[in-house]
Amino acid sequence: MAERLTARRFLALLTDDFAELPHPHREDGPDGPLRWQGYDAARARAAERTGESESVVCGTGRVDGTPAVLLAFEFGFLGGSLGRATGDRLEAAYAHARAHQLPVVPLVATGGSRMQEGMLALTQLQRVARQSALTRAAGLPQIAVVRDPTTGGGWATLGAGADVVLALPGAQVGFAGSRVRPRDADPAAYTAEAQVAAGSADAVVAPGELRRTLGRWLRLLTGPSGVPAPVPEPLGARDLPATGREAVRRARDPRRPRARAYLDAYFTERAALSGDRCGGTDPEGMLCGFGTHAGRTVAYAAQTGAATRPAGYRTAARLIGLADRLGIPVLTLIDTPGAANGAEAERQGAGAAIAAVFAAVASARTPVTSLVIGEGGSGGALALAAPGNTWATPDSYFSVIGPEAAAAILKRPPDQAGATADQLRLRPQDLAELGVIRTGDQVFPGTGDRRSGARP
């Protein structure tokens, strides 16, 4: 079980200059709107025990140098439950964030809505959702830290609804609290670690690392530029393949540099975005996140050379959508033999997931730069390619279909796959001639401006 800190202690863990915001004062009749007997006494005891007058403390502070609005829940005050006064404070804090163009950091520890205020408490979730939506529309990031416990509507709005979700180790996290879930439910499913594995949270972060990690995310997500991401340097072969079959052989060479090598060379620091928020992750097929290149933030979605699963495509679509909203340029690295095509991938919605990436790239207002670094297998690769701004390295290929599958469809024997590769015109120089990719140093060394991505 994660250590349970008070709201003030948790704020002190993250910032040295926290300043509480003024908040509305609500006058209720005796025992609140439902006249719940003993409610006033319960609030008085909670205030005496915690030193707080409500279940949330809202204010501003710098996290590792970046200013933000922080919303810290006090679980000791009636279980961190949301009531009307809680909603008042949250609404005012979100409004302050928009007025001053500050990111919002919910530090969530709550059991849900306050029973003593009935449906009036539950409807505070609608207020929170509205404020979050307005803040999202204003182009401001929201990074949640879910503490122990984070359940009910607080998880379903302030927590899971954030752009990035960080969680404390061992924290109880889930929509159903411990007293209302089925008796035979596996408690391991309601943990921070389980939420990361299910794609509903991005990372588990130890308390001692939280200030640095949260600070990195805030720096990365508050640095829009609108300038296209420069094309990465090719890390492998520099000469062009003589034949189509040679291009395929190079792209499939296990010694060829893969996505992680390109990301390491391109970024000075980066933070990973994980999960599709639909129950899945694809760490073996797709790497997504934000990083710093030449002092600017760039978002990345990088295929790793494996067949990409539906969760990988949905995570990439999530990444591109977030970068677009925040005005951050995107770099995609294309390297897959194709989308995963097994029965399980179909059950997980492969077509819809790929469609989501096509739509995200097509509708993005922020610039998208694409580089084919290995295999470019059919639509599963094309989904990540930016029309008019796709490049290719000399040890890559891009094809309507893999040569083996093409030969099979044409009813050719397997030993004709190489000849079929030649016919498909899938080499980088063929693609440039066909106008599928841009020409420059990534295709013809020494003929273009790699830094600007300009044509020769």
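Derivation of every value follows stated rules applied to the coordinates shown; laboratory data play no part. Since the structure is predicted, the reported quantities are computational estimates derived from the model, not experimental observations. With ideal geometry, Cβ positions are generated from the backbone for all residues, glycine too; neighbour counts draw on all protein chains shown.
Summary value for the chain: 11 percent relative contact order, contacts being C-alpha pairs under 8 angstrom separated by 6+ residues.
Note on region 303-375: Cα Rg divided by 2.2 N^0.38 Å, N the number of residues, gives 1.10. With the convex hull drawn over the C-alpha atoms of region 91-248, the volume per residue is 196 Å³.
Over the residues of the chain, the helix contribution to mean residue ellipticity at 222 nm works out to -10000 deg cm²/dmol, using -39500 (n - 2.57) for each DSSP H run of at least 4. Binning the C-alpha pair distances of region 244-434 at 10 Å intervals from 0 yields a P(r) profile of 10, 38, 36, 14, 3, 0 %, listed from the shortest bin outward. What residue among ILE328, TYR190, SER200 has its Cα farthest toward the positive end of the dipole of the chain, where the charges are +1 on Lys, Arg and -1 on Asp, Glu, each on the Cβ? Looking along the dipole axis, the top candidate is ILE328.
When only C-alpha pairs under 8 Å and at least 6 residues apart count, what is the relative contact order of region 244-434, in percent?
On the way: 403 pairs, mean separation 40.0, N = 191.
Reported as a whole number, the value is 21 percent.
Suppose we keep just the DSSP beta bridges with both residues in the chain; what percent of those would be antiparallel, to 5? Here the share of antiparallel DSSP bridges comes out near 40 percent. Within region 244-434, antiparallel bridges make up roughly 45 percent of the DSSP beta bridges whose residues both belong there. The separation of region 341-402 from region 169-199, counted between C-alpha centres, amounts to 34 Å. Span-like helix criteria (full DSSP H runs; alpha carbon extent of at least 18 Å along the helix axis; mean Kyte-Doolittle hydropathy of at least -1.0) are satisfied in the chain by 84-99, 124-137, 207-221, 310-326, 350-363.
Restricting the calculation to Cα atoms, the chain yields a radius of gyration followed by a Dmax of 25.3, 85 Å.
Could you give the nm distance between label points at ALA133 and SER225, where each point is 7 Å from its Cα heading toward the beta carbon? So the label points at ALA133 and SER225 sit 3.4 nm apart. If you sort the three axes of the alpha carbon gyration tensor as a ≥ b ≥ c, you get a/c of 1.5 or more for region 17-57 and a/b no higher than b/c, which makes it oblate.
Once the Cα-Cα distance is subtracted from the 0.36 nm per residue extended length, the SER53 to ALA19 segment shows a gain of 10.6 nm.
Estimated at 0.36 nm per residue, the fully extended path between ALA44 and ASP28 surpasses their Cα-Cα distance by 4.4 nm. As a proxy for reagent exposure, ranking ILE143, ILE320 by other Cβ atoms within 10 Å from fewest up yields ILE143, ILE320.
Look at the alpha carbon pairs under 8 Å that are at least 6 residues apart: their mean separation over the length of region 169-315 gives a relative contact order of 24 percent.
With both labels modelled 7 Å from their Cα along Cα-to-Cβ, the ARG181 to ARG212 distance reads 3.2 nm.
Assuming 0.36 nm per residue, please report the length gained on full extension of the stretch ALA343 to LEU120 beyond their Cα-Cα distance.
Working: separation 223, 0.36 × 223 = 80.28 nm, distance 4.60 nm.
Length gained between ALA343 and LEU120: 75.7 nm.
Computed from the C-beta positions of ALA352 and ALA95 and an R0 of 22 Å, the FRET efficiency is 0.05 to the nearest 0.05.
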